[in-house]
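Asker: For reference, the structure I am asking about is given below.
The values are calculated or read from the model by the stated rules, or taken from the named source; none is laboratory data. None of the values given here were measured: they were computed from a predicted structure. Counting neighbours? That spans all protein chains shown, and the Cβs are built from the backbone with ideal geometry, glycine included.
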Amino acid sequence: MKYCHNKSDIPKEPHFAIIEFTSVYIPGDERSRTNPGHGYPETTEYYSHYIAFSYEGEWKAAIEKYMSGSNKDNFVAIRVNPVKIKTSVTIEIT
């Protein structure tokens, strides 16, 4: 199991993954409630976490754990087959 925090953390070979969705509530400050337009209002920040697995058994065990807990509606389980993207530059002089 590997938590991927950056693009470079995601395995380049086929693997299994869980994407977990979470949110954080940030209450506004008192000034925004008593003086609209001042301070900062309440907000909810949304996040996703990418967890990569090399082995199918480990991935399935993690899915079972999610399904038995309170997070069963906040994740997706996927099989990943990364593609290689090639780019080229063509220069044409007329």
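Asker: Among (1) surrounded by fewer than 10 Cβ atoms within 10 Å (Cβ to Cβ); (2) over 19 Å from Y3 (Cβ atoms), where does Y46 come up short?
Answerer: Condition not satisfied by Y46: (2).
Asker: Something else: So which residues in region 44-94 are small (G, A, S), within 20 Å of D9 (Cβ to Cβ) and out of contact with any helix residue (DSSP H, G or I) (no Cβ under 9 Å at 6 or more places or on another chain)? Spell out how you get there, then give the answer.
Answerer: Quick first cut of region 44-94, residues small (G, A, S) only: 48, 52, 54, 57, 61-62, 68-70, 77, 88.
If we keep only those that are within 20 Å of D9 (Cβ to Cβ) as well, we get 48, 52, 54, 62, 77.
Those that are small (G, A, S), within 20 Å of D9 (Cβ to Cβ) and out of contact with any helix residue (DSSP H, G or I) (no Cβ under 9 Å at 6 or more places or on another chain): S48, S54, A62.
Asker: Same structure, new question: Name the single residue, out of those in region 66-93 being surrounded by 11 or more Cβ atoms within 10 Å (Cβ to Cβ) and assigned to a helix (DSSP H, G or I), that is farthest from the chain's Cα centre (by Cα).
Answerer: Here the residue is M67.
Asker: Next up: Hey, could you check region 1-48 for residues that are of a type in the set (A, V, I, L, M) and not in a loop (DSSP other than H, G, I, E, B) and say which is modelled with the lowest pLDDT?
Answerer: Here is the first cut: in region 1-48, the ones of a type in the set (A, V, I, L, M) are 1, 10, 17-19, 24, 26.
Keeping just the survivors that are not in a loop (DSSP other than H, G, I, E, B) gives 17-19, 24, 26.
Details: A17: 98, I18: 97, I19: 97, V24: 95, I26: 90.
Out of the qualifying residues, it is I26.
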